[in-house]
Amino acid sequence: MSLRGTGVRVQALCPGFVRTEFHQRANIDMSTTPNWAYIDDDYLVATSMADLRANRPLSIPGALYKTIYLVTKLPGETWLRFAFWMIVGLGIYWFYGRHHSRLQISGREEGEQP
């Protein structure tokens, strides 16, 4: 089915968390969801309409949800590199911290063996 030439446009809106009665009606407890995860409804509509005017078929309002979307599009090789360098960084942090720990240093000063 083609909508070209009809003046009808289609947009996928991915809003994230919005304060509506949806969750209450579905008996879903949202009390543990942090406030920073919610998108303001006026901002949501303004962003969606701006994206529609710009002929963007996908509208994702808010930096949080755009970042989540982009991160999910990263290739597996990037995730492997990330994991490798996180392990290297945490290893360096752990060994440095163990050697320079205040507890280790005070133990050495008292004559204990490291």
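Look through the range 52-91, keep the residues that are in contact (Cβ under 8 Å) with a residue 24 or more places away in the chain and of a type in the set (S, T, N, Q), and return whichever of them is nearest to G7 (Cα to Cα).
Checking each candidate, the answer is N55.
Here's the yes/no breakdown for (1) more than 19 Å from the chain's Cα centre (by Cα); (2) of a type in the set (A, V, I, L, M, F, W, C); (3) surrounded by 10 or more Cβ atoms within 10 Å (Cβ to Cβ):
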| residue | (1), (2), (3) |
| --- | --- |
| P34 | no, no, no |
| D42 | yes, no, no |
| S48 | yes, no, yes |
| K66 | no, no, yes |
| G76 | no, no, no |
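I need every pair where a residue in the range 1-18 that is under 21 Å from Y69 (Cβ atoms) and among the β-branched types (V, I, T) has its Cβ under 7 Å from the Cβ of a residue that is in a loop (DSSP other than H, G, I, E, B) and at pLDDT below 85, sequence separation at least 6 or different chains.
Note: pairs meeting the criteria are V10/L3.
Hey, among the residues in the range 70-93 that are in a helix (DSSP H, G or I) and charged (D, E, K, R), which one's farthest from C14 (Cα to Cα)?
Only one residue fits best here, namely R81.
Are there any pairs, at least 6 apart or on different chains, whose C-beta atoms fall under 9 Å, with the first in the range 22-43 and more than 18 Å from T67 (Cβ to Cβ) and the second loosely packed, with under 10 Cβ neighbours inside 10 Å and of a type in the set (D, E), and if so, which?
H23/D29
The values are calculated or read from the model by the stated rules, or taken from the named source; none is laboratory data. These figures come from a predicted structure and were not determined experimentally. Backbone-built Cβ (ideal geometry, glycine too); neighbour counts: all protein chains shown.
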